[in-house]
1. Can you report the number of residues in segment 208-239 which are assigned to a loop (DSSP other than H, G, I, E, B) and within 15 Å of residue 54 (Cβ to Cβ)?
2. Just checking, does segment 168-189 include any residue being under 25 Å from residue 236 (Cβ atoms), among the hydroxyl-bearing types (Ser, Thr, Tyr) and more than 13 Å from the ligand (Cβ to nearest atom)?
3. Which of the residues belonging to segment 57-66 are crowded, with 20+ Cβ neighbours inside 10 Å and either within 16 Å of the ligand (Cβ to nearest atom) or free of Cβ contacts under 8 Å to residues at least 12 places away in the same chain (or both)?
4. Within segment 36-90, can you find the residues that are touching a Lys or Arg at 6+ places or on another chain (Cβ under 6 Å) and at pLDDT below 90?
5. Please specify each residue of segment 138-155 satisfying the condition of being out of contact with any strand residue (DSSP E or B) (no Cβ under 8 Å at 6 or more places or on another chain) and either among the acidic types (Asp, Glu) or away from the ligand (no atom under 12 Å from the Cβ) (or both).
6. Taking the stated definitions as given, is residue 214 surrounded by fewer than 18 Cβ atoms within 10 Å (Cβ to Cβ) and out of contact with any Leu (no Cβ under 8 Å at 6 or more places or on another chain)?
7. Has segment 70-87 got any residue that is among the charged types (D, E, K, R) and more than 14 Å from the ligand (Cβ to nearest atom)?
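The values are calculated or read from the model by the stated rules, or taken from the named source; none is laboratory data. Every value quoted in this text rests on a predicted model; they were computed, and no experiment measured them. Note: ideal-geometry Cβ built from the backbone for every residue, glycine included; neighbour counts use all protein chains shown.
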Amino acid sequence: AGASRGNSRVIPSAGRVLTPVQYGAVAPGGAWWPLNNGDRGSYQVNRIYPTIQGEGAQAGRAMTIVRLQGCPVGCVWCDTPESWSVWGGRYLTADQVADEMAALPPRWALVTGGEPAWHDLQSLTEALHMRGIRRALETSGTFPITGAWDWVCVSPKPAGLHPLVSDVLKYADEIKWVVGRERDVAGLEAFLEEHKSVLSSRSLNRGPFHRHRVVSVQPVSASPRATRLCVEVLMRHPD
Ligand code: SF4
């Protein structure tokens, strides 16, 4: 994350000084974790809205997105910088989040951010499950995964400020790689080679789709150039 300042830490994206008292323990990536250590049953929520998933293996599925506040990863092409700050949005309990989602038509919840795994998500996944809502997680893989999930998508951000927590890949049903330039394709191919033993094994996530591990590519902003690169890499790796 950002530069240390004595016994606190600066998150460059949010420009805030965070103290150990606020953030509890230290995650493998070096940031304080979890964000909601003071009350692990509550969350700083940026937005809740229903949509049709437009990316990856779940494309076309109606889902309600809950975007949690806070991300220290700092991707240069991030399309949701409004979610980087650990402040803002609404502070809601897991039951309040789940009640809002249950009132909307989709029967799937997509928990994203920000970086949702910066929070302890156990309470939220339990509250959603109690209301019969399936739970999908989208994470950069830079924090440990908490909670029980029907689908886990890890989207590594190699240019980000936090390293991947390698164990997280074992729980991924889907690995989604963002492609904008040629070097992203080279990065994907190096990643596939480096992690081929994990990628060829079954996901440890015990959701209903855990037999299938998928690698998806996502063209940045669906630009023509990025889309062409994605098509090319899929043609080279049809499996
Ligand atoms: Fe944005 Fe996601 Fe990267 Fe965080 S991990 S900076 S929310 S793209």
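1. 1
2. no
3. The answer is 65, 66.
4. 73, 75, 83, listed by residue number.
5. Result: 146, single match.
6. For residue 214, the condition - surrounded by fewer than 18 Cβ atoms within 10 Å (Cβ to Cβ) and out of contact with any Leu (no Cβ under 8 Å at 6 or more places or on another chain) - is met.
7. no
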